[in-house]
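Mind looking over this structure? Questions follow.
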Amino acid sequence: MTSTGDSESAESFDVIVVGGGPAGSSAATFVAMQGHRVLLLEKESFPRHQIGESLLPSTVHGICALLGVSEELHSAGFVKKHGGTFRWGSNTEPWTFDFALSEKFAGPTSYAYQVERMKFDQLLLDNARRKGVVVRERCAVRDVLEDGGRVSGVRCTDEDGTERETRARFVVDASGNQSRLQGRVGGERRYSEFFQNIALYGYFEGGKRPPAPNSGNITCVAFDSGWFWYIPLSDTLTSVGAVVRKECADRIRGDRGEALAGMIADCPLVSDYLSEAERVTSGPYGEVRVRKDYSYLHDSFWRPGLTLVGDAVGFIDPLFSSGVHMATFSALLAARSINSVLRGDLEEEECFAEYEARYRKEYQTFHDFLVSFYDVTRDEQQYFDDARRVTRDSAPGAGAFVGLVGGGASDDTALTSDDYRDQRKKDLRQQSRDVHWEGHRIQMQAAFGEADDDVPAVKDGLVVAQDGMHWTKGAESAPV
């Protein structure tokens, strides 16, 4: 819509973020930490239920560390997750991987958390408030404002029903898969031809746990109609979901509780784990829910004044728990772009082209590997080989696989361990003694705190500035 309101009297911010989930709260915080005025509008009242409880090391030790919530996350009492267990492929016995197998998450960062999203999302939103973000809950954004073809703010309805206009230099749509604004960037949402699954999930008290140290791991189990996730959220509470192929969707019709129970009965491992458990039937976890049509990517990521992040821009598949990782990674990339433009460093088009290129690369890596992983006729060694192929990571054994499913495939150094960065620094110094200065400089800019923090993700692309919160151009010439 084109605004007809009085621009002089309208409330104004540098950035308006729509949606208070992990993508929205992260994007808002990363921009506010640079001294910009940020407003976050959330239509619901937190805490609220949300799917996606299993985090990756890249989120826990990368994004959350940058946000400054590491201590709070540690103190929240979430279940520690050292890896994952699969009953998958031609191997009839469950097999387990540890995050410690990847040098990208070596040492103290070789774990993640299983989180109750109501608590985790509240933690991130409260942190945004502390970092200076103006947060307004129960405020529903109806549309964007436009001036001269540029998005210049939003029209929203606050909790008492009053309609307001608020202006900003940038609007960030982080309102999720049900976004009302995603069509305003142009283009269409493209659904995956391969991932057309439907998830049916609920919560159980009293489910069994694998022996330590794997008692906190996510367990993924293939069965005839699809696969199950089994996520321990506490000593007694478990999130259990069946991801069903489209041709088996009839199994979900009718009573959802009965449908879920029927599929559990068809999966011996999950059935055994839940043999002494009872499904939660009251409170926020008392409903058996359905999630469908959740594998997609939007044609366009941005237009002048408006950008999409999180589930508003894309979602792949729940198998490797990449949802929160992709959401917060997109928030970091978009925040770098906004920060750079607001500071006057670079043009809007090149900044958001960088965001889009990096996100698409990460999305495609996960997507391509998942396509091969859904072939359950192969064994884990073949899956490990595929991970090396799609990531171009030569790590031996399960190293490339773990680096990918831990969220480190992008090699964005904000998402990997200090040990990994230090080792890369040592390796590059050794390797570059006899190479041209420029090649050495580009490699040494990879997050070692010595110059720029990255190498271009695409030819002639931008690199990450030393502070990790802006883009910058690569060096054009070597010193004399």
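Only residues that are acidic (Asp, Glu), in a loop (DSSP other than H, G, I, E, B) and open to solvent by less than 50 Å² (accessible area, probe 1.4 Å): list them for region 340-394, please.
Applying the first criterion (acidic (Asp, Glu)) to region 340-394 yields 345, 347-350, 354, 356, 362, 368, 375, 379-380, 385-386, 393.
Narrowing further to those that are in a loop (DSSP other than H, G, I, E, B): 345, 347, 375, 379, 393.
Answer for region 340-394, where residues must be acidic (Asp, Glu), in a loop (DSSP other than H, G, I, E, B) and open to solvent by less than 50 Å² (accessible area, probe 1.4 Å): just ASP393.
Do any residues in region 373-397 that are not assigned by the TED database to the domain that holds CYS220 and modelled with pLDDT under 90 have Cβ atoms under 6 Å from those of residues that are aromatic (Phe, Trp, Tyr) and open to solvent by 40 Å² or more (accessible area, probe 1.4 Å), where the two are at least six apart or on different chains, and which pairs are they?
Hits for this filter: zero, empty list.
Continuing with this model, one more query. Among all residue pairs at least 6 apart or on different chains, which show Cβ distances below 6 Å where the first residue, located in region 173-201, is of a type in the set (Asp, Glu) and the second is open to solvent by less than 50 Å² (accessible area, probe 1.4 Å)?
Once the first residue is of a type in the set (Asp, Glu) and sits in region 173-201, its partners that are open to solvent by less than 50 Å² (accessible area, probe 1.4 Å) give ASP173/VAL18; ASP173/SER179; ASP173/LEU181; ASP173/LEU308; ASP173/ALA312.
Quick one: LYS426 ticks every box in (1) modelled with pLDDT under 75; (2) touching an Asp or Glu at 6+ places or on another chain (Cβ under 9 Å); (3) surrounded by fewer than 18 Cβ atoms within 10 Å (Cβ to Cβ) bar one, so which box is it?
(2)
On the basis of being buried (at least 18 other Cβ atoms within 10 Å of the Cβ) and charged (D, E, K, R), does GLU193 make the cut?
Criteria not met by GLU193.
For region 55-62, state whether one or more residues are more than 25 Å from SER175 (Cβ to Cβ) and either surrounded by fewer than 16 Cβ atoms within 10 Å (Cβ to Cβ) or out of contact with any Leu (no Cβ under 6 Å at 6 or more places or on another chain) (or both).
The first filter runs over region 55-62 and keeps only residues more than 25 Å from SER175 (Cβ to Cβ), leaving 57, 61.
After this cut, where a residue has to be either surrounded by fewer than 16 Cβ atoms within 10 Å (Cβ to Cβ) or out of contact with any Leu (no Cβ under 6 Å at 6 or more places or on another chain) (or both) as well, the list is 57, 61.
Yes, region 55-62 contains at least one residue that is more than 25 Å from SER175 (Cβ to Cβ) and either surrounded by fewer than 16 Cβ atoms within 10 Å (Cβ to Cβ) or out of contact with any Leu (no Cβ under 6 Å at 6 or more places or on another chain) (or both).
Okay, moving on. Hey, does region 214-235 have a residue that's open to solvent by less than 60 Å² (accessible area, probe 1.4 Å) and on the phi > 0 side of the Ramachandran plot?
yes
Is at least one residue of region 15-32 assigned to a loop (DSSP other than H, G, I, E, B), under 17 Å from SER175 (Cβ atoms), open to solvent by 20 Å² or more (accessible area, probe 1.4 Å) and assigned by the TED database to the domain that holds ARG150? Write out each step before concluding.
If we filter region 15-32 for residues that are assigned to a loop (DSSP other than H, G, I, E, B), which is where we start, we get 19-21.
Add one more test, that the residue is under 17 Å from SER175 (Cβ atoms), and what stays is 19-21.
When the remaining residues are screened for being open to solvent by 20 Å² or more (accessible area, probe 1.4 Å), the result is none.
No, the conditions are met nowhere in region 15-32.
Here is a further query. So in region 114-162, with the set limited to residues that are touching a residue at least 40 places away in the same chain (Cβ under 8 Å) and in a loop (DSSP other than H, G, I, E, B), which one is surrounded by the fewest Cβ atoms within 10 Å (Cβ to Cβ)? Please lay out each step first, then the result.
Start the filter on region 114-162 by keeping residues that are touching a residue at least 40 places away in the same chain (Cβ under 8 Å), which leaves 114-125, 127-128, 131-141, 143-147, 149-156.
Among the residues that remain, those that are also in a loop (DSSP other than H, G, I, E, B) are: 115-116, 131-133, 138-139, 149.
Numbers: VAL115: 24, GLU116: 23, LYS131: 18, GLY132: 16, VAL133: 26, ARG138: 14, CYS139: 22, GLY149: 10.
Looking at the filtered set, the residue picked out is GLY149.
The values are calculated or read from the model by the stated rules, or taken from the named source; none is laboratory data. Note that this is a predicted model, so its numbers are computed, not measured. FYI the Cβ positions are ideal-geometry reconstructions off the backbone, even for glycines, and counts take in every protein chain you see. Only protein heavy atoms, including side chains, enter the accessible area calculation; ligands, DNA and RNA are left aside. Shrake-Rupley method; radii C 1.70, N 1.55, O 1.52, S 1.80 Å.
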